[in-house]
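Written below as structure tokens is the structure these notes are about.
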Amino acid sequence: MNSQDEQNDILLILIDKTISTVSNKVRQDIFTNHTTEAILSTLRNPGDKVQGNYIHQNTSGSTAFLFSTPIPKFEAPKTGGGMTLNDAKQKYESQLKNLGGVCNKKLREAVEESNTGSTSLYTDLWGILEVATRAFKQDAYDTKTIHILSDMQESMTGAGRRDFHETPIQSKSEAIAFAKSDAKTLQQLLDVDPAVLAGTRVVIFPPYDALEASDFAINRYYWEALFEAFGISDVEVK
């Protein structure tokens, strides 16, 4: 009993745990509510998957805080009539709801989790693309979605890296120019596959209200251009 024409879907959840990203309660709840719904709508068929990772100084090396267990295939009863089949379907739906509930509990715990370690001092947002490449290449997914809770302030040291706290983007044209240059550098430094990432939908949840002071309005142009360089053109900000 599969839904959505037996599509295989994957949802990757990324939560920023660096000192520059401190969500207010309203924004936190918006992220949690939308992502809770996304988890339940993703986990419908065998092969569907939900994974959650933290964003920090070593995003690409972070251990998943959430990794959904495989969904079993629905087995129709070999005996019995319509009532037996309906009972089996209801039991299967209950299994899916329970799995979604477990994932959502881990999501809420992850949102509340504090990072008091040294990895909170820098923000490796480029690592998102490596984490996504590893997650998405495991199967031929029909839909690939990423939910991000972050201020999207890349802040790393080292050759070729960006630190938008030290050197903020000044304009839309500069944001796009940086992104085009960084796409080439990123592929040299990280294991990222544009063919795997192509067609992904990204939803960004800034941790603050639109009226609060931030650099997100300019940074958004950077990320839209950088994502597009890797085949990701569907980028939404909630």
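The values are calculated or read from the model by the stated rules, or taken from the named source; none is laboratory data. It should be emphasised that the depicted structure is a prediction, and the values quoted were computed from it without experimental measurement. We place every Cβ from the backbone using ideal geometry, glycine too, and count neighbours over all the protein chains shown. SASA here: full protein model, heavy atoms, side chains in, ligands and nucleic acids out. Shrake-Rupley method; radii C 1.70, N 1.55, O 1.52, S 1.80 Å.
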Scan the range 96-103 and give yes if some residue there is open to solvent by less than 100 Å² (accessible area, probe 1.4 Å) and in contact with a Lys or Arg (Cβ under 9 Å, 6 or more places away or on another chain), otherwise no.
-> yes
What residue, of I169, I204, I176, is more than 16 Å from W126 (Cβ to Cβ) and β-branched (V, I, T)?
-> I176
Within the range 44-53, count every residue that is surrounded by fewer than 21 Cβ atoms within 10 Å (Cβ to Cβ) and touching a residue at least 60 places away in the same chain (Cβ under 8 Å).
-> 1
Just give me the residues in the range 60-81 being in contact with a Lys or Arg (Cβ under 9 Å, 6 or more places away or on another chain) and not in a loop (DSSP other than H, G, I, E, B), in sequence order.
-> S60, L66, F67
If we scan the range 72-81, do we find a residue that is closer than 30 Å to K137 by Cβ and either open to solvent by 70 Å² or more (accessible area, probe 1.4 Å) or in contact with a Ser or Thr (Cβ under 8 Å, 6 or more places away or on another chain) (or both)?
-> yes
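Specify which of the listed residues (G81, G117) is more than 30 Å from Q187 (Cβ to Cβ) and modelled with pLDDT under 95.
Going through G81, G117 in turn, just one is more than 30 Å from Q187 (Cβ to Cβ) and modelled with pLDDT under 95: G81.
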Among the residues of the range 58-71, the number that are closer than 21 Å to Q90 by Cα and open to solvent by 20 Å² or more (accessible area, probe 1.4 Å) is 2
Could we say that T84 is on the phi < 0 side of the Ramachandran plot, open to solvent by 50 Å² or more (accessible area, probe 1.4 Å) and either among the hydroxyl-bearing types (S, T, Y) or not in a loop (DSSP other than H, G, I, E, B) (or both) here?
-> yes
If only one of F136, F178 is free of Cβ contacts under 8 Å to residues at least 60 places away in the same chain and on the phi < 0 side of the Ramachandran plot, which one is it?
-> F178
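Residue-by-condition table, conditions (1) open to solvent by less than 80 Å² (accessible area, probe 1.4 Å); (2) hydrophobic (A, V, I, L, M, F, W, C):
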| position | (1), (2) |
| --- | --- |
| H56 | yes, no |
| K89 | yes, no |
| R108 | no, no |
| G117 | yes, no |
| L121 | no, yes |
Looking only at the range 7-23, decide whether some residue is among the charged types (D, E, K, R), open to solvent by 30 Å² or more (accessible area, probe 1.4 Å) and either out of contact with any Phe, Trp or Tyr (no Cβ under 8 Å at 6 or more places or on another chain) or under 19 Å from T133 (Cβ atoms) (or both).
-> no
Which number in (1) more than 30 Å from A38 (Cβ to Cβ); (2) out of contact with any Asp or Glu (no Cβ under 8 Å at 6 or more places or on another chain) marks the one condition that P168 misses?
-> (2)
